[in-house]
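All remarks here apply to the structure that follows.
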Amino acid sequence: MDIIQSYGLILIILAAVFGFLMAYGVGANDVANAMGTSVGSKALTIKQAIFIAAIFEFAGAYLAGGSVTSTIRGGITDAAFFVDTPELMVYGMIAALLAAATWLIVASYFGWPVSTTHSIVGSIIGFAAVGVGIDAVHWDKVGGIVGSWVVTPILAGILAYMFFMSAQKLIFDTDKPIVNAKKYVPFYMAFAAFVMALVTVQKGLKHIGMDISTANGYLLAIALGVIVGLIGKVAISRIKIDPAADKKMQFNNVERIFSVLMITTACCMAFAHGSNDVANAIGPLAAVVSVVSSGGEIAAKAQLAWWILPLGGIGIVIGLATLGARVIKTVGTAITHLTPSRGFAAELSAASTVVIASGAGLPISTTQTLVGAVLGVGLARGIAALNLGVVRNIFISWVITLPVGAGLAIVFFYILQFLFTL
């Protein structure tokens with residue numbers, strides 16, 4: 001208790017710095033995953049993707065990032081083990097942030113798409129199990145989170161397959177693909193906007209003082225979806241297309257229409273990612289601030305300090321802008337060949353999966369969700385459409401991420417404990 005009272009400000013500053021580094025790593029790696037399909041399909045340039053992500057990642061983190069944070073902050077470890085020694089939780093959360101940030105920055109530098117959720121959860125498990133005791137971990141909740149890593153890629157893959165096949169049936173396999181693209185693409189845009197709006201009004205606005213009922217939330221989301229659909233219809237109608245062009249040229253023109261749609265899904269995916277994965281950076285930071293501010297009391301649920309969500313949002317954007325291009329290239333071009341229509345199916349399904357999970361307070365892996373979606377699109381065209389060597393390497397990187405995070409967190413935990421007890 002004396003350590004918290006004596007070094008409280010220093011501990012908060014350390015947590016804030018490492019929390020920012022963790023957010024930087026999230027931006028460099030996971031945000032790059034989120035935008036990779038848009039860049040890989042050539043619907044957006046890297047600069048355009050960074051600009052879109054800067055706006056919507058920050059908005060998702062600030063408006064809809066509060067729900068998942070509580071799961072990362074206090075759902076993995078048993079607070080009862082830290083009541084008499086709250087400084088151990090502070091050391092552990094700071095160590096977890098530094099461990100996960102270190103691994104993410106290294107992985108991003110080499111262009112490896114790893115999971116930030118794996119990184120931070122593994123780090124928290126590492127310090128809690130080894131530094132405090134095996135019983136300090138809520139293994140049942142960890143099991144639920146691990147289960148989500150299996151379920152969500154499968155769900156995203158199924159949704160991506162369905163979206164892709166619906167576009168094939170309604171547009172590409174018809175006699176008039178251009179006419180049908182103009183007819184149906186605005187509906188896809190409206191659905192993307194509906195998903196993004198729903199999670200915002202239902203889950204994200206409560207912590208900033210706006211509590212909208214379920215019925216009104218659905219009505220507002222539907223209204224926003226309709227507006228975006230109408231805007232998309234107008235934008236698509238302005239694309240100059242020769243209706244007398246041959247079939248191949250018509251398909252190329254349809255892909256141009258899907259490029260417009262990809263802007264909507266890119267915004268949706270960026271918002272979805274910000275709402276879910278900002279918790280990986282600020283959850284442990286929020287725990288440290290809560291314990292230190294209360295003088296060592298470990299509350300079951302604590303209010304977020306006003307500056308924590310913006311810190312996470314800014315870190316994510318800077319990470320993407322400075323180091324994100326490396327992972328964008330891996331995800332966007334290496335797994336399978338993406339066109340705007342294929343990228344749309346992957347991105348929209350991944351965004352839908354992420355916002356649903358985020359609204360439920362489940363910290364899923366955006367990396368695994370998006371890769372599952374891309375695999376779903378690839379499988380719709382046959383197994384030969386996938387680069388299985390790249391897929392294998394990505395799976396290996398997922399497997400080693402959790403133990404690497406745990407190992408680093410244990411080392412940093414003991415270093416911090418040694419330094420503050422000298």
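The values are calculated or read from the model by the stated rules, or taken from the named source; none is laboratory data. Given the structure is predicted, the values throughout are model-derived calculations rather than measurements. Cβ placement follows ideal geometry from the backbone for every residue including glycine, while neighbour counts extend to all protein chains displayed.
Table for the structure above
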quantity	calculated
Cβ pairs under 9 Å, 6+ apart, first in segment 101-115 and over 9 Å from Gly25 (Cα atoms) and modelled with pLDDT under 90, second part of a helix (DSSP H, G or I) and acidic (Asp, Glu)	Pro113/Asp30; Val114/Asp30; Ser115/Asp30
Scope segment 1-45; condition closer than 15 Å to Val106 by Cα, touching a His at 6+ places or on another chain (Cβ under 9 Å) and not charged (D, E, K, R); matching residues	Val26
Residue within segment 81-92 that is closer than 30 Å to Gly36 by Cβ and either assigned to a helix (DSSP H, G or I) or at pLDDT below 85 (or both) present	no
Residue within segment 118-134 that is in a helix (DSSP H, G or I), under 20 Å from Leu375 (Cβ atoms) and without any contact (Cβ under 8 Å) to a residue 24 or more places away in the chain present	no
Some residue of segment 106-117 being under 19 Å from Thr366 (Cα atoms), touching a Lys or Arg at 6+ places or on another chain (Cβ under 9 Å), surrounded by 24 or more Cβ atoms within 10 Å (Cβ to Cβ) and not aromatic (Phe, Trp, Tyr)	yes
Output for segment 32-51, where each listed residue is in contact with a Leu (Cβ under 7 Å, 6 or more places away or on another chain) and modelled with pLDDT of 80 or more	Thr37, Ser38, Gly40, Ser41, Ile50
Residue under evaluation Ala357, criteria (1) of a type in the set (A, V, I, L, M); (2) crowded, with 17+ Cβ neighbours inside 10 Å; (3) modelled with pLDDT of 80 or more, criterion not met	(3)
Thr336 vs. criteria under 30 Å from Leu170 (Cβ atoms) and surrounded by fewer than 24 Cβ atoms within 10 Å (Cβ to Cβ)	yes
Residues of segment 136-161 that turn out to be in contact with an Asp or Glu (Cβ under 8 Å, 6 or more places away or on another chain) and crowded, with 22+ Cβ neighbours inside 10 Å, as a count	1
Identity of the residue in segment 158-201, part of a helix (DSSP H, G or I) and among the hydroxyl-bearing types (Ser, Thr, Tyr), that ends up nearest to Leu338 (Cα to Cα)	Tyr161
When residues of segment 138-183 are limited to those that are within 17 Å of the chain's Cα centre (by Cα) and among the hydroxyl-bearing types (Ser, Thr, Tyr), the one farthest from Ala272 (Cα to Cα)	Ser148
Residue satisfying condition, being among the basic types (Lys, Arg), surrounded by 21 or more Cβ atoms within 10 Å (Cβ to Cβ) and assigned to a helix (DSSP H, G or I), within set Arg342, Arg326, Arg392	Arg342
Residue count, segment 277-296 (criterion: at pLDDT below 75 and either touching a strand residue (DSSP E or B) at 6+ places or on another chain (Cβ under 6 Å) or not in a helix (DSSP H, G or I) (or both))	1
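Yes or no, residue by residue, for (1) within 29 Å of Ala54 (Cβ to Cβ); (2) of a type in the set (Lys, Arg); (3) at pLDDT below 80:
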{"residue": "Met210", "(1), (2), (3)": "yes, no, yes"}
{"residue": "Leu224", "(1), (2), (3)": "yes, no, no"}
{"residue": "Ile231", "(1), (2), (3)": "yes, no, no"}
{"residue": "Ala235", "(1), (2), (3)": "yes, no, no"}
{"residue": "Pro243", "(1), (2), (3)": "no, no, yes"}
{"residue": "Val254", "(1), (2), (3)": "no, no, no"}
{"residue": "Ser259", "(1), (2), (3)": "yes, no, no"}
{"residue": "Thr264", "(1), (2), (3)": "yes, no, yes"}
{"residue": "Ser275", "(1), (2), (3)": "yes, no, yes"}
